[in-house]
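Written below as structure tokens is the structure these notes are about.
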Amino acid sequence: MLSSPATTASTASTAPPRPAALTALLCTTAAAALSAVAAAVLVFTGGSALAAENVRSVFDELAPELGLAGMEAADVEALSGSLWQEVVDARASSLSARAGIAVCLALWLVVSAVFARAAATWARVLITIGGVLLVLLHLLVVADYPPGAVGPLGWVAVATGLATVVLCWSPAGNRYARAVKSARLP
């Protein structure tokens, strides 16, 4: 039996309301992506100067543990010449690479979230994968002496990324996905 347009319209209008868990998923996904991009912008705009300041502050913090008590980063910088610049360049490269990966993961999360509005299982799987990768990346960032505000933004990305992964598979979201799927079937 074929369904009439009136039957199809009434079936489409009986789609269940979006649960709060799904709305929270979309919000935490956006927050995770935004914090990752904000940290990346800080790294990209800070460039080599941010990396140099980061290397100086880390050296000053770790000098006593390295048996270099009494030495400051400025002393080592003056003594080492081009070696210091190589360390700064390597740090800038490392920070930029991580920032680029963070931007790609943020874009992945945002695109997946657009498709997850209807609780599509494949989109929630992509959000889960992207969220786990984002959390792992930012755990690396915060464990590796992050410069300035990159550290706090990294912790925000970790917290919201974990919340995103958990909310992807909430019971309310699963029920909603099943309800949406059954509402589409004739």
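Values in this text are rule-based calculations from the coordinates and carry no lab data. Worth saying up front: this structure is predicted, and the values here are computed from it rather than measured. Cβ atoms come from the backbone with ideal geometry, glycine included; neighbour counts cover every protein chain shown.
When its C-alpha radius of gyration is set against 2.2 N^0.38 Å (N residues), the range 84-156 gives a value of 1.32. A73 sits among other residues whose Cβ lies under 13 Å from its own Cβ, and their net charge, with Lys and Arg +1 and Asp and Glu -1, is -4. The GNM of the chain, with springs linking C-alpha atoms under 10 angstrom apart, assigns the highest mean-square fluctuation among G130, G47, G67 to G67. Listed values for the range 27-44 are Karplus-derived 3J(HN,Hα) couplings in whole Hz (6.51 cos²θ - 1.76 cosθ + 1.60, θ = phi - 60°), namely 5, 5, 5, 5, 5, 5, 5, 5, 5, 5, 5, 4, 5, 5, 4, 4, 5, 5, and x replaces Gly and Pro.
Put simply, the range 27-129 fits an ellipsoid with semi-axes of 40, 13, 10 Å; these come from the alpha carbon gyration tensor as the roots of five times its eigenvalues, largest first.
Start at zero, step by 5 Å, and the Cα-Cα distances of the chain spread as 1, 8, 15, 14, 12, 10, 9, 7, 6, 5, 4, 3, 2, 1, 1, 1, 0, 0 percent across the bins. Only helices enter this figure: runs of n ≥ 4 DSSP H residues, each worth -39500 (n - 2.57), summed and divided by the residues of the chain, yield -28000 deg cm²/dmol at 222 nm to the nearest 500. In the range 18-87, the ratio of gyration radius to Kirkwood radius, Rg to Rh, stands at 1.31 when only Cα atoms are counted.
Can you tell me which of 146-159, 168-181 comes out highest on packing, and rank the rest after it, using the mean Cβ neighbours within 10 Å?
Details: 146-159: 19.5, 168-181: 16.5.
Descending mean neighbour count gives 146-159, 168-181.
When S82, S93, S112 are arranged by Cβ crowding within 10 Å, least crowded first, meaning fewest neighbours, the order is S82, S93, S112. Between A30 and K181, the modelled labels are 2.7 nm apart [label points 7 Å from Cα along Cα→Cβ].
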